[in-house]
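Before any comments, here is the structure.
The values are calculated or read from the model by the stated rules, or taken from the named source; none is laboratory data. Computed from a predicted model, the values in this text were never measured in an experiment. Please note: Cβ atoms are built from the backbone with ideal geometry, for glycine as well, and neighbour counts cover all protein chains shown. Accessible surface areas use protein heavy atoms only, side chains included; no ligands, DNA or RNA. Shrake-Rupley method; radii C 1.70, N 1.55, O 1.52, S 1.80 Å.
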Amino acid sequence: MTRRWLSPRMRIDVARAATVPAQMRAYAEYRIFAALARRAKDIRHIHVQLEAGDEAGGSAQCTVTIDLEGIGRVRSTGRGAPLRAAIDEAAERAAALLGAPVRRARAAPEFTPDGDAA
């Protein structure tokens, strides 16, 4: 199942395995948005994939893929038990990853049509 959140700047899709409760999908959407909202103007699309751990207590997984405007794509993964811990870890890693590529892109010199640095 996928749920989409649309904004003029970024879109968040949360896909989950059938064994993942809707409550965890909602938590993932909230947590990822809260972690990345400051960078909304740089983000085109976020895809979140949730996978529950196995019944034997295996780790759950949350993978966050972020498409950045004009920069490319970054991905973070969190693992843990319960799934909430995996979501938190993935959100924190995604926020940390976003700092470097966005800052580098903004620090690059701008070029005029004739090729001279502005």
Could you say which residue among Val102, Val48 is among the β-branched types (Val, Ile, Thr), modelled with pLDDT of 80 or more and under 17 Å from the mean Cα position of the chain (by Cα)?
Val48
Tell me which residues, restricted to region 51-73, are among the hydrophobic types (A, V, I, L, M, F, W, C), within 15 Å of Ile12 (Cβ to Cβ) and at pLDDT 90 or above.
Cys62, Val64, Ile66
If you scan region 8-39, which residues turn out to be open to solvent by less than 40 Å² (accessible area, probe 1.4 Å) and modelled with pLDDT under 80?
Met10
Restricting to region 40-62, name every residue that is surrounded by 18 or more Cβ atoms within 10 Å (Cβ to Cβ) and among the polar types (S, T, N, Q).
Gln49, Gln61
Arg79, sole failed condition from (1) in a helix (DSSP H, G or I); (2) of a type in the set (D, E, K, R); (3) touching a helix residue (DSSP H, G or I) at 6+ places or on another chain (Cβ under 8 Å):
(1)
